[in-house]
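Where a number appears in this text, it was derived from the coordinates with a stated rule and is not lab data. The model shown is predicted, which means the values in this text are computed figures rather than measured ones. Neighbour counts run over all protein chains shown; Cβ positions are idealised from the backbone, glycine included.
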Amino acid sequence: MAQEFPTLTNDLLLRAARGEQTERAPVWVMRQAGRYLPEFRKTRETHEFFEICRSPTLATEITMQPIRRYAGLLDAAIIFSDILVVPQAMGMEVIMNPGPHFTDPLNTPADIEKLPREVDVEKELGYVFEALTLTRKTLAGQVPLIGFTGAPWTLMMYMIEGGGSQTRQKSKTWLFKYPEVSKQLLARITDICVQYLIGQVNAGAQLLQVFDSNAGDLSPYDFSTFALPYLKRIADEVREGLKARQLPVVPLTLFAKGASPSLAASAGYDTIGLDWTLDPRDAAKLTDGIIDGRTITLQGNLDPVVLYGGREAIEREVKRMCNAFHSARGGACKAWIANLGHGITPGVDPEDMKFFLECVHKYSAVPSS
Ligand code: 1CP
């Protein structure tokens with residue numbers, strides 16, 4: 001049964017995620033709690049990255065930083081954590097230095113045997129659940145709280161490469177050389193993601209996002225073989241698990257960066273995230289009706305680098321984005337969650353981020369006449 005939390009006063013995000021028409025587009029930004037904020041850098045001076053993730057008070061504090069700074073302008077909070085807490089829960093050591101680094105990545109298929117067969121998600125990731133519950137209470141219903149996980153393929157890539165990588169050569173080699181072992185690994189990651197996401201809703205998450213940030217490294221065939229089945233399993237099993245536990249069946253978002261929108265949409269999520277290489281009008285045509293004839297909500301998709309272009313460029317490009325999403329929906333503000341096409345980067349001036357949010361408020365509303 002769901003816990004009791006303060007009533008939500010701004011449900012714009014949830015309405016847009018359900019495909020509804022909204023008075024303006026809800027807006028949030030991937031990595032909104034991050035290094036571009038001086039208050040975040042200050043906290044990081046004295047606290048190591050995963051120490052923050054593991055401390056419910058610190059994680060809540062960081063999650064709240066952009067909500068406080070941009071009060072009334074942001075329409076969602078996203079829990080401060082990282083996708084790499086899942087490999088950590090599977091017994092792998094990850095340090096942030098300054099990017100993620102695995103001390104002992106998977107090198108050969110035999111290394112999979114070193115991973116535990118069963119992972120007690122409640123025990124290993126209970127600190128994320130505590131952070132979600134504390135954040136949800138601290139938000140006091142101001143805006144909905146987003147929970148997330150990395151997608152199986154993206155997590156597998158990190159577990160094999162041992163960190164960020166340009167070519168993904170090691171991890172992609174596994175797909176071609178050891179396809180069956182790769183599928184076993186992907187299935188094991190999927191099992192954990194499912195339990196982890198259900199636990200997040202139990203703890204207070206009101207929408208869930210799956211980050212398949214490395215989807216674009218795969219050909220459409222390989223995406224269909226090594227990413228899609230697991231993404232589908234996550235959507236189906238999370239919904240079933242939520243129903244079985246009498247928890248709210250919250251909206252699900254898939255951000256499969258670089259994947260074809262029609263393939264991504266076929267995974268069955270309520271919302272599909274778009275990067276800036278996609279025209280929203282094309283994406284709407286490719287995704288509409290793919291699942292049960294319904295409208296799939298789109299999220300995105302301003303190029304994050306626009307935020308370095310100065311006020312004139314930000315205003316111009318936000319207007320262009322709004323026009324594109326409006327015309328994708330026949331002139332209405334409907335089934336659209338405004339965001340950047342990927343995470344906000346560390347050099348952005350927080351005042352320019354504020355201006356971006358103000359522009360979305362101003363230009364995403366469609367006059368009613
Ligand atoms: O030292 C620091 O403070 C590190 C910067 C940082 C931050 C702020 C990292 C390291 N992770 C995060 C937080 C984070 N990561 C959030 C917080 C919530 C938010 O405000 O959005 C989220 C949702 C993530 C998810 C994440 N981590 C993704 C998926 C999203 C994306 O950007 O594609 C990925 C790929 C990661 C791995 C990761 N963690 C950190 C870095 C620098 C990276 C990317 C490394 C690489 O591939 O080169």
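Under 16 Å of direct C-alpha separation, and excluding same-chain neighbours fewer than eight residues apart, LYS172 reaches these lysines: LYS183. When peptides 15-28, 317-330 are sorted by average Cβ neighbour count within 10 Å, with the highest value leading, the order is 15-28, 317-330. About the centre of its Cα atoms, the chain shows a dipole size close to 600 debye [charges on the beta carbon of Lys, Arg (+1) and Asp, Glu (-1) only; nearest 20 debye].
Relative to the 2.2 N^0.38 Å rule of thumb, segment 230-369 has a C-alpha radius of gyration ratio of 1.13. From its DSSP helices (H runs of at least four residues, each -39,500 (n - 2.57)), the chain gives a residue-normalised ellipticity at 222 nm of -14000 deg cm²/dmol. Just checking the listed ones, THR167, THR297, THR345: in the Gaussian network model of the chain with Cα springs under 10 Å, the one fluctuating most is THR167.
Using 0.36 nm per residue and subtracting the Cα-Cα separation, the extra length available between GLU240 and ALA71 on full extension is 57.3 nm. Amide H contacts for ASP212 (H built 1.01 Å from N in the peptide plane; partners 5 or more residues away or on another chain; cut-off under 5 Å): ALA151, PHE255, ALA256, LYS257. Here the calculated FRET efficiency for LYS114 and ASP282, from their Cβ-Cβ distance with R0 = 41 Å, stands at 0.40, rounded to the nearest 0.05. The distance linking segment 102-159 with segment 20-43 is 21 Å (Cα centroid to Cα centroid, whole angstrom). Phi angles across segment 250-263 convert, under the Karplus curve 6.51 cos²θ - 1.76 cosθ + 1.60 with θ = phi - 60°, into 3J(HN,Hα) values of 6, x, 10, 10, 10, 10, 9, 4, x, 7, 5, x, 5, 5 Hz, Gly and Pro given as x. Going by a ≥ b ≥ c, the root eigenvalues of the Cα gyration tensor, does the chain fall in the rounded group (a/c under 1.5), the prolate group (a/b larger than b/c) or the oblate group? Here the chain falls in the rounded category.
Rounded to the nearest 20 Debye, what is the dipole magnitude of segment 27-69 about its Cα centre when Lys and Arg each give +1 and Asp and Glu each give -1 at the C-beta?
Details: 8 positive and 5 negative charges, 38 e Å.
The calculated dipole for segment 27-69 is roughly 180 debye.
Hey, if you put +1 on the Cβ of every Lys and Arg and -1 on every Asp and Glu Cβ in segment 95-183, which of LEU134, PRO116, HIS101 ends up farthest toward the positive end of that dipole? The Cα lying farthest towards the positive end belongs to HIS101. For segment 251-329, a/c is not less than 1.5, where a ≥ b ≥ c are the root eigenvalues of the C-alpha gyration tensor, and a/b tops b/c. That puts it in the prolate class.
Peptides 114-123, 44-53, 267-276 ranked from most to least packed by the mean count of surrounding Cβ atoms within 10 Å: 267-276, 44-53, 114-123.
List, in the order given, every pair from LYS42/LYS362; LYS123/LYS243; LYS137/LYS362; LYS177/LYS285 whose Cα-Cα distance in the structure shown is over 26 Å.
Numbers: LYS42/LYS362 32 Å; LYS123/LYS243 23 Å; LYS137/LYS362 30 Å; LYS177/LYS285 36 Å.
The answer is LYS42/LYS362; LYS137/LYS362; LYS177/LYS285.
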